[in-house]
Structures are given as C-alpha cells and as structure tokens.
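Pasting a structure here, questions to come.
Nothing in this text is a laboratory measurement; each read-out follows from the coordinates by a stated rule. Predicted, not measured: the structure shown is a model, and the values here were computed from it. Using ideal geometry, Cβ is built from the backbone for each residue, glycine included, and neighbour counts are taken over all protein chains shown.
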Amino acid sequence: MKGWLKIASRTLQKAPRTADEFDKLPKHVAIIMDGNGRWAQKHKLSVSKGHRQGTETLREIIRHTDDLGIGSLSLYAFSTENWNRSEEEVSALMQLMLDFFHSEIDELDAKNVRILILGDKGRLPEKQRETLLEAERRTGSNTGLRLNIAINYGGRAELVKAVQEIATLVKNGTITAGEITEETVANHLYTAGQPDVDFLIRTSGEQRLSNFLLYQCAYAEFAFPETLWPDFTVHDYDQALEAFSHRQRRFGGR
Ligand code: IPE
Ligand code: IPE
Ligand code: MG
C-alpha cells in the first residue's frame, strides 16, 4: 500500500489528512459482499460457516470505513431474490443477522454510527424486524458514518415503492406529474438524503449488480476484486480505494 491511504489506515494512528486527500475518497461506498458459499465449499465447511466467516470481514470493513471518515457505506446483506435459497440457509442468515446486531450495536452506537435498513422489513421474522427497528431507533440521531444495510432489498422493489408513493402525492394533489424531478424520485428511495454511490465493490469476481442500488449507482465507479468476501481484508479495501482515487470521472462532460 502506498501514499495517503497508508497514513489513513487504522493499523496506524488515526492521522489528520489534508482536504485534498479527503477529497479523493468516495463519499458513498457500496459493497456487494459475495463469495461466502464458494469460500465454504473451498474449505469444506457448511454454507452457514461461510456466512459466519463473512461477518468477521463485515466488522472490519465497517470499522475501517468509519476510521477513514467516509460518509456512507451501503452493504448488500440479503436480496429479495435470496429467499429462493434453502430454508436452512435462509434461517442461518436470519440468525446471523440477529447475532451481528446484538454483538455490534453498542460499539456502533458509541462510534456515532447511524444505522439504516434498506429494504422491506415486513417479510422478515418478528424478532429480526424488531432488532432492526431497534437498531435504527437507537442510532437514529447519530451524526457519524451512515451505515446502510440492505436486507430483503431489491433495487426494482425500491423503485416500485417510490413510484407508488409519488403517485399517491399526485393523486392527493400535493404535486403535479410535471413537477416530479430526479430529486423527487431520489427522495423516495431508502437512501433519501444521502449522496449517490461513488464506488461499488463486488467481491468474488462476479461482475453484475444483482438488483443493488440501481438508481443510486447511475455514475458509480466499479471494482470487482476476485477475492471471496470472507478473505477480503482491510488491505484489499485500501487497494480498491486507492485505485478509485485515480479514476477519471467525467459525468458526461468533456
Ligand atoms: C453472499 O455470498 C452472501 C449472501 C448472498 C447472503 P453467497 O452465499 O452468494 O456466496 P456464493 O456466491 O455462493 O459464493
Ligand atoms: C447478491 O449476491 C446479494 C448479496 C450479496 C446479498 P447473490 O450471490 O445473491 O447474487 P447472484 O445470484 O449471484 O446474482
Ligand atoms: Mg453469491
């Protein structure tokens, strides 16, 4: 690792960075945490062990994102399509969710992290729903890292929800159809009030969005490291962020 990121790394003291260095960091990072199943297979372990190992990576990556001072981190934990997995795997994931929030909530709250769940909590078991709601309530007025965890999330479902809400506003006469702007749509997404995704990382070598943050990724930069999520380290993350800092973003301009 070279340059300013090394200085920023939590393996060293949290060092003050210049405004220029800070500008090179994405304001919003999104991560598709993929490869737990293949990791388990590689180690001849059950798939749930792979997911459990994945939560270790998750913990480290959240801490590091916070240390770097990045504003928003969105993590894909469970998609609307992941219900298609076996009952055994789904229930292992649901249990892990509970374990994760129970073990991390104190530290996250103490670090001023604000948790937001992206997705429809309605379909989740009651215990999970309550735990997630409580995490949102408890950290709701925190002002540090915005930690968005996508659970029962789908980008298309999110857009459908936004369209339904906006249609209701039009029907009520609150706004006219012609007054709907890109901002109106953005304000009805789960991520309302947060910047668009600047940088999306998907581990395990797969190169697709799998229905994650479709609207918010319109101008995102992408990285597809081959590393499986349980093997993904803070060092790999730093390398990806370093690569991002050299990207030329044009947003359609010259
Ligand atoms: C990603 O790992 C985690 C979830 C989808 C919850 P996978 O379970 O998709 O891992 P692979 O893709 O099978 O290796
Ligand atoms: C996307 O990964 C969802 C999460 C990482 C939570 P999947 O493994 O479910 O995606 P596909 O099926 O390979 O596209
Ligand atoms: Mg996968």
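Determine, for the chain, the count of lysine pairs separated by eight or more sequence positions (or lying on different chains) whose alpha-carbon distance falls under 28 Å.
Qualifying lysine pairs in the chain: 23.
Give me the net charge for the shell around Ser74: Cβ to Cβ below 15 angstrom, other residues only, Lys and Arg +1, Asp and Glu -1. Could you put the intermediate results ahead of the total?
Numbers: positive: Lys27, Arg114, Arg146, Arg202; negative: Asp34, Asp66, Glu136, Glu158, Asp196, Asp198, Glu221.
Summing Lys and Arg as +1 and Asp and Glu as -1 gives -3.
Pop out the ³J(HN,Hα) list for region 145-162 in order, Karplus 6.51 cos²θ - 1.76 cosθ + 1.60 with θ = phi - 60°, rounded to Hz; leave Gly and Pro as x.
3, 8, 9, 9, 10, 8, 9, 6, 10, x, x, 5, 4, 5, 5, 4, 4, 4
Could I ask something else about it? Based on DSSP H runs of at least 4 residues, each adding -39500 (n - 2.57), what is the mean residue ellipticity at 222 nm of the chain after dividing by all its residues, to the nearest 500 deg cm²/dmol?
On the way: 9 runs with 113 residues, N = 254.
Calculated mean residue ellipticity at 222 nm is -14000 deg cm²/dmol.
Hey, can you rank 28-34, 49-55 by average C-beta count inside 10 Å, highest first?
On the way: 28-34: 24.3, 49-55: 20.9.
Going by the mean number of other Cβ atoms within 10 Å, highest first, we get 28-34, 49-55.
Still on this model: Would you work out which of Thr176, Ile166, Leu145 lies farthest towards the positive end of the dipole of region 128-192? Charges go on Cβ: Lys and Arg +1, Asp and Glu -1.
Result: Leu145, furthest along the dipole toward the positive end.
In addition: Which of Leu200, Leu145, Leu96 ends up with the largest GNM mean-square fluctuation for the chain, with Cα atoms connected below 10 Å?
Among Leu200, Leu145, Leu96, the largest mean-square fluctuation in the Gaussian network model of the chain belongs to Leu96.
Need one number for the chain: average projected area of the convex hull over its C-alpha atoms, nm². Display every interim value, and only then the final one.
Details: hull surface 62.1 nm².
Taking a quarter of the hull surface, the average projection is 15.5 nm².
Let me ask something else about it. Could you give the size of the charge dipole of region 139-236 about its Cα centre, using +1 on the Cβ of each K and R and -1 on the Cβ of each D and E, expressed in debye and rounded to the nearest 20?
Taking the Cα centre of region 139-236 as origin, the dipole is about 380 debye.
Here's something else I'd like to know. Please get the size of the charge dipole for region 84-193, origin at its Cα centre, with Cβ charges of +1 on Lys and Arg and -1 on Asp and Glu, quoted in debye to the nearest 20. Each step should come with its number before you reach the end.
Numbers: 13 positive and 18 negative charges, 54 e Å.
My answer is approximately 260 debye.
Compute, for the chain, the length of the dipole vector about the Cα centre, with Cβ point charges of +1 (Lys, Arg) and -1 (Asp, Glu) only. Units Debye, rounded to 20.
Values: 33 positive and 36 negative charges, 67 e Å.
So the magnitude is around 320 debye.
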